[in-house]
Each structure stands twice: as C-alpha cells, then as structure tokens.
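To start, the structure under review is shown below, and the notes come after it.
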C-alpha cells in the first residue's frame with residue numbers, strides 16, 4: 001500500500017471523518033484542512049509512529065515537518081530509512 005493511502009486511512013481513523021487525501025494540495029496544512037484539535041494531532045502522529053514502526057523525534061512535532069502530505073511522507077520515508 002502506498003504511503004499516502006495509509007495516511008488517508010489513519011486520518012479517517014483519528015478524525016472520524018470521511019477524508020480523501022487527493023483533494024489536498026501538496027502545500028495544504030493537514031491540521032487546518034481537517035480542523036484537527038491538539039488531541040487529534042497527537043493521536044494522528046502516534047498512529048503514524050505505530051503504523052510505520054518509526055519514532056518521531058521532538059523536533060518532528062513541528063507543523064512545517066508534518067503539516068503537509070508532502071512533508072509528512074518525506075519525513076516518514078526518512079525515518080523508515082533510519083530505522084532499517
């Protein structure tokens with residue numbers, strides 16, 4: 001399964017809303033677009049760590065790093081390489 005497809009499933013689970021990532025622009029802020037509150041953001045990032053078996057560092061909890069689909073996929077790919 002492609003990373004963006006997995007992210008879409010995680011967003012649906014966390015936000016409990018029907019979500020289609022392809023409707024997003026590469027630069028759209030996920031948290032604003034889906035009106036996520038702070039608890040949903042933390043749950044979302046926890047699900048990413050669990051699903052992809054990666055560890056996000058404190059500096060990764062930055063909207064610039066995880067706020068857009070493009071940046072988030074890039075970060076996941078980087079962390080997956082570091083975990084191998």
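Observations on the model:
- Number of positions in the stretch 30-62 that are surrounded by 13 or more Cβ atoms within 10 Å (Cβ to Cβ) and touching a helix residue (DSSP H, G or I) at 6+ places or on another chain (Cβ under 7 Å): 16
- Total residues in the stretch 45-58, condition assigned to a helix (DSSP H, G or I) and in contact (Cβ under 8 Å) with a residue 24 or more places away in the chain: 4
- The criterion of being assigned to a helix (DSSP H, G or I) and modelled with pLDDT under 85 does not hold for residue 42.
The values are calculated or read from the model by the stated rules, or taken from the named source; none is laboratory data. Computed from a predicted structure; not experimentally measured. Heads up, the Cβs are rebuilt from the backbone with ideal geometry, glycines too, and the neighbour counts pull from every protein chain shown.
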